[in-house]
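The values are calculated or read from the model by the stated rules, or taken from the named source; none is laboratory data. The structure displayed is predicted, hence computed values, not measured ones. Ideal geometry is used to build each Cβ from the backbone, glycine not excepted, and the neighbour counts take in all protein chains shown.
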Amino acid sequence: MIRSEAPVLLEIRGLHASVEDQPILHGVDLTLRAGEIHAVMGRNGSGKSTLSKVLAGHPAYTVTAGSVLYRGDDLLALEPEQRARLGLFLGFQYPIEIPGVSNLEFLRVATNARRKARGDEELDTFAFEDLVRERLQVVQMDPAFLDRSVNEGFSGGEKKRNEILQMALLEPLVAILDETDSGLDIDALRIVAGGVNHLAGPDNATLLITHYQRLLDAITPDFVHVMAAGRILRTGGKELALELEERGYDWVDEELARWQPTPVEVA
Amino acid sequence: MLTAPLDTPRAAGLAADAWSAALLASLPDPWAADAPDVAGILSAVRRRGWDGLRAQPLPSRRQEAWRFTDLGALQAVSPSLLPPDALGAASAWPSAAPGTLRLRLEEGPDALDPQSLPAGLQPMGVGEIEQALGQTLATTGCREHWPVLLNKASSGPVLALRVTGAVSTPLELVSDAGSGSGVLPLRLLLVLDPGASLELMQVHRAAGASLTSVVVEARLGAGATLHHGVVAEGGPDAVLLAHLAVAQDPESTYTLACVSSGWGLGRLEPRVVQIAGAALTRLRGLQHVGGRRIADTHSQVMFAGPEGRLEQVHKVVAEEAGRSVFNGAVRVPRAAQRTDATQLSRSLLLSDRARVDTKPELEIVADDVRCAHGATVSRLQQDELFYLQSRGIAADQAARLLLRGFCEEVLRELPPSAAVWHPLQMPAGPEATAR
């Protein structure tokens, strides 16, 4: 849903970032307004996942230039947990297994951290169980997964459902979903996409990071961005994704070759 | 350095090192006509201990079994029996879990009121003790180990129990050396009849410069089940030397969950023999070590017959300048075909100054067996921390969750009656969250 008057939730300007002194992002510009669904597409190594990790505050990534404003405030000055509490959510491409930590307790601690930041009452064990059972329906997840350790022994599809369950509980304002479709069969993809569609609304924004058109058959983006060599090469509507599907990424390489890359400034 | 008192010439010549000599000198002479005794058993045991200490000096790091474990902490322990009035007061303990029978281990058989023992549990008679005492130490090959000899030399009465059926009341045995200095010898003998079962919690506490010396022998008859929990929490000057010797008949199940923390020096030696194989042994160990302390587990499981199973997990949390040692021996001779054994050692290093030495020691002669082992030493995983943080959980709380998760695999195997002791409720130190 594109509304030019909708408030800007996330504003990325000239973002440069590196990991282990290796520059990956070379000036990303992107604006997300409330109600919008954006898709970032691109080849492996184009910087898509780095962008998502930088936004979430992964300690291995260093921002060397540029800025990110989250609802007008400097996002990069915040710890990862502060970003999450304020409503930024990263759905992991490879959700982490944490043996010995109960999924239910993890979900409750996380939900309460977010609720507290919003000024809502924290939920006790019983109230939380009611909430989580209701939200399980968003991803049609078996309650048995609540009693297991976080993601431990979950199949790829179960892990992704667990990610969307977390999103349903945390009610983010900006959800970044990194390759949420990878490793999913058609049924799991439909369920996960259904969950994302259900949670997308006029007050929040979604950033889908994906390789393939097939996720975008299930979730219709308002904007599609093509990323290459650490920046956004082209932006268009959903038809751009179809064009990519049809023409592949080779034209991206040609376009890149015509580009004179600007020197990267390392702070 | 301690020297033996000069006015005890007999003792001075009795042991191969000064500390042991001073200890022997302080003890009643087991050869004396008026030595305290239970039908001759006690004196005989103590004489064997004296003879042993005469021949064997305190273990040094030149010996393979003690290569990483320095017994230096003993030098601060008074070489004499811990005075009874120095024991920690039971009133300072948490209440026992409802329905649990709690006994003070230091009191030995005096702790028993035969009238109030639950069905299936009975004190052993002198003849039975005489027959069974020391058998399992011999079977498991640790009769001549220095800590066992020390225990024998200073030994008091033995708490000896026979389990004749399924005991529904959990048994809890507690020792508390309080803040005094000296040696606290504890000895337990358990015989489980075929098909019998028992849930046993063993708790050791010490605050002062004391040595808690523990020798447990458990003999499991065919089909018997022993669920054995150990929670040992000591102070920075306290020493714990414990041997847990277990002999299993076929179809029996022995589960040990052993959690220790805080001791200046703690050494646990679970030693299990499956006498004719075909039994199940489950060992779960967790040791937390910080300060400049040493935590050591030397385990040995021996399959003397075919089709035995072992599931072993040993976990370590080492912080500050703590040192952890794990040596896990598994012996599978030719007779032990179709043995199925797994051993996993996982250590968490929370500081650069902590040290972990971990060594699986698999000796496999039989050819048709499954023996898997693995050892990892790691820090708190950055990716796990970040995942929790990315869900709004603060770094220090995330570290605590991960630490607890790490320990949980062992803690959940403790008998339910252990919960009142709140084993290992450690705060995550600042180093745990540093990055």
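Between a residue in the range A:66-89 that is away from chain B (no Cβ under 13 Å) and any residue that is part of a helix (DSSP H, G or I), which pairs come within a Cβ distance under 6 Å, given they are 6 or more apart or on different chains?
A:V68/A:L75; A:V68/A:L76
Based on this model, can you work out whether A:V40 counts as part of a strand (DSSP E or B), within 27 Å of A:L184 (Cβ to Cβ) and facing chain B (nearest Cβ under 9 Å)?
no
Filter the range B:367-388 down to the residues that are surrounded by fewer than 15 Cβ atoms within 10 Å (Cβ to Cβ) and more than 22 Å from A:K53 (Cβ to Cβ) and list them by number.
Answer for the range B:367-388, where residues must be surrounded by fewer than 15 Cβ atoms within 10 Å (Cβ to Cβ) and more than 22 Å from A:K53 (Cβ to Cβ): B:D367, B:D368, B:R370, B:A372, B:G374, B:T376.
Do any strands (runs of 3 or more DSSP E) lying entirely in the range B:236-276 carry at least 1 residues that are over 21 Å from B:L411 (Cα atoms) and of a type outside the set (A, V, I, L, M, F, W, C), and which ones are they?
Answer list for the range B:236-276: B:239-248, B:265-274.
Do you know which residues across the range B:13-56 are under 16 Å from B:P147 (Cβ atoms) and small (G, A, S)?
Those that are under 16 Å from B:P147 (Cβ atoms) and small (G, A, S): B:A15, B:A16, B:S20, B:G49, B:G52, B:A55.
Would you mind listing the helices (runs of 4 or more DSSP H) fully within the range A:100-201 where at least 2 residues are within 19 Å of A:T220 (Cα to Cα), more than 11 Å from chain B (Cβ to nearest Cβ) and out of contact with any strand residue (DSSP E or B) (no Cβ under 9 Å at 6 or more places or on another chain)?
Helices (runs of 4 or more DSSP H) meeting the threshold: A:186-199.
Does A:T50 fit the bill of being in a helix (DSSP H, G or I) and polar (S, T, N, Q)?
Considered against the rule, which asks whether it is in a helix (DSSP H, G or I) and polar (S, T, N, Q), A:T50 comes out as yes.
Counting only residues that are within 9 Å of chain A (Cβ to nearest Cβ) and among the polar types (S, T, N, Q), which one in the range B:365-388 is farthest from B:D340 (Cα to Cα)?
Step by step, filter the range B:365-388, then rank; the result is B:Q382.
Yes or no: B:S252 more than 11 Å from the chain's Cα centre (by Cα), modelled with pLDDT of 95 or more and surrounded by 24 or more Cβ atoms within 10 Å (Cβ to Cβ)?
Spelling it out, B:S252 is indeed more than 11 Å from the chain's Cα centre (by Cα), modelled with pLDDT of 95 or more and surrounded by 24 or more Cβ atoms within 10 Å (Cβ to Cβ).
Here is a yes/no grid of residues against (1) touching a Ser or Thr at 6+ places or on another chain (Cβ under 7 Å); (2) over 24 Å from A:H58 (Cβ atoms); (3) more than 14 Å from chain A (Cβ to nearest Cβ); (4) without any contact (Cβ under 8 Å) to a residue 12 or more places away in the chain:
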residue: B:R353; (1), (2), (3), (4): no, yes, yes, no
residue: B:E363; (1), (2), (3), (4): no, yes, yes, no
residue: B:S390; (1), (2), (3), (4): no, no, no, yes
residue: B:I393; (1), (2), (3), (4): no, no, no, yes
residue: B:R400; (1), (2), (3), (4): no, no, no, no
residue: B:C407; (1), (2), (3), (4): no, yes, no, no
residue: B:W421; (1), (2), (3), (4): no, yes, yes, no
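(1) assigned to a strand (DSSP E or B); (2) in contact (Cβ under 8 Å) with a residue 40 or more places away in the chain: which one isn't true of A:T31, the others all being true?
Unmet for A:T31, out of (1) assigned to a strand (DSSP E or B); (2) in contact (Cβ under 8 Å) with a residue 40 or more places away in the chain: (2).
Only one of B:R400, B:R331, B:R391 is crowded, with 24+ Cβ neighbours inside 10 Å and among the basic types (K, R); which?
The unique qualifying residue is B:R391.
If B:G429 passes every condition in (1) at the interface with chain A (Cβ under 10 Å from one of its Cβ atoms); (2) at pLDDT below 90 but one, which one does it miss?
(1)
Out of the residues in the range B:132-176 meeting the condition of being touching a residue at least 40 places away in the same chain (Cβ under 8 Å) and among the basic types (K, R), tell me which one is surrounded by the fewest Cβ atoms within 10 Å (Cβ to Cβ).
B:R162
Answer yes or no: is there a residue in the range A:36-57 that is of a type in the set (K, R), closer than 22 Å to A:P95 by Cβ and either exposed (fewer than 15 other Cβ atoms within 10 Å of the Cβ) or touching a strand residue (DSSP E or B) at 6+ places or on another chain (Cβ under 8 Å) (or both).
Yes, the conditions are met somewhere in the range A:36-57.
Among the residues of the range B:110-142, count how many are among the polar types (S, T, N, Q) and assigned to a loop (DSSP other than H, G, I, E, B).
1
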